[in-house]
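Just so you know, all these numbers are worked out from the coordinates, no wet-lab data involved. Since the model is a prediction, treat every value here as computed from it, not as a measurement.
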């Protein structure tokens with residue numbers, strides 16, 4: 001059984017224009033009932049006292065819950081899971097929602113890391129992308145967290161937003177770095193189906209910056225983070241030494257994790273599964289005593305090896321040939337000789353002490369590199 005847990009809270013006060021995660025507008029939702037059923041799902045999937053090294057509560061917006069609802073959730077987590085010494089316990093947080101009383105609830109239950117969905121420090125852009133907070137909320141929430149003694153903080157930024165200029169992103173980066181936090185994530189906007197932005201794009205009403213501007217923003221992100229002493233340990237993530245996201249490294253290293261809650265995904269004993277997404281259907285399934293799994297599939301050896309490269313190449317340390325051999329009993333450069341040769345010839349991948357890694361050029365074309373390892377066996 002996995003020692004990493006992902007817990008999904010699907011409620012939001014605002015639905016962002018770019019978001020395609022499993023989420024619902026919070027008003028009128030059976031929130032307490034959902035939390036009750038979520039805690040019941042814990043019991044279905046594990047025994048009480050299950051030892052964990054990482055817990056990540058994501059969404060949706062976990063901090064959209066009231067302090068009382070957060071207490072209900074955290075109490076259930078504390079009762080069911082036992083955090084190992086030095087465990088990482090993260091909550092995703094929306095700057096507009098996180099109040100001192102909520103922070104205190106989290107702190108009391110051992111939460112030691114907060115990941116803030118900041119996205120931009122430009123209030124006009126925040127409104128444009130459907131965020132409910134403004135830049136002043138970011139400063140207040142981070143100060144409140146630090147005052148409460150939670151100092152392992154991260155902010156997410158998004159670039160290549162509609163009408164965003166390089167100068168605008170440079171200003172956001174400057175303000176983010178001035179906060180002097182241990183961890184930063186920076187992602188380019190991906191327009192996903194079933195989002196407000198997708199519908200606008202189809203109508204020709206979404207003025208995106210274009211590929212060259214996007215590449216310039218990514219280059220600026222890498223340069224500014226390096227200058228600020230935040231090492232790029234993954235294609236979109238930067239941290240001071242010792243402050244990398246241990247939970248996300250579980251995903252990138254293709255290790256097992258338990259997914260709990262509506263629409264959550266998990267990977268246990270070689271089986272990938274996804275839970276029922278709609279809140280009321282999830283509640284009904286658990287209430288009837290059924291595990292709320294919508295779909296599950298045994299991952300074949302070929303798929304595991306492909307995922308090892310597809311996920312592992314995201315990390316700056318790359319994929320170890322020795323670890324690959326140990327896990328799968330095969331030589332990595334033989335299994336994937338075709339794509340490795342092609343990508344090294346194009347200077348997108350390189351070998352460094354039996355580790356296969358993205359080159360700097362490869363980081364700009366990461367998705368193309370990752371895709372090269374899928375479906376070839």
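Helix-only estimate, please: 222 nm mean residue ellipticity of the chain, summing -39500 (n - 2.57) across DSSP H runs of length 4 or more and dividing by its residues, to the nearest 500. Don't skip to the end; give the middle numbers.
Details: 16 runs with 154 residues, N = 377.
Estimated from H runs of four or more residues: -12000 deg cm²/dmol.
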Subject >> Whole-angstrom gap from region 142-218 to region 34-109, using each part's C-alpha centre >> reply: 26
**OP:** Give me the distance between the Cα centres of region 226-243 and region 268-323, rounded to whole Å.
**Re:** 27
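Take every DSSP beta bridge whose two residues both sit in the chain, then give the antiparallel share in percent to the nearest 5.
Counting only bridges with both partners in the chain, antiparallel ones make up about 40 percent.
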**OP:** Using mean projected area of the Cα convex hull in nm² as the read-out, say which of (i) 26.7; (ii) 18.6; (iii) 28.0 was calculated from these coordinates.
**Re:** (ii)
Original post:
Which residue fluctuates the most in the chain, going by a Gaussian network model with Cα springs under 10 Å, if the choices are 326, 284, 146?
Top reply: 326
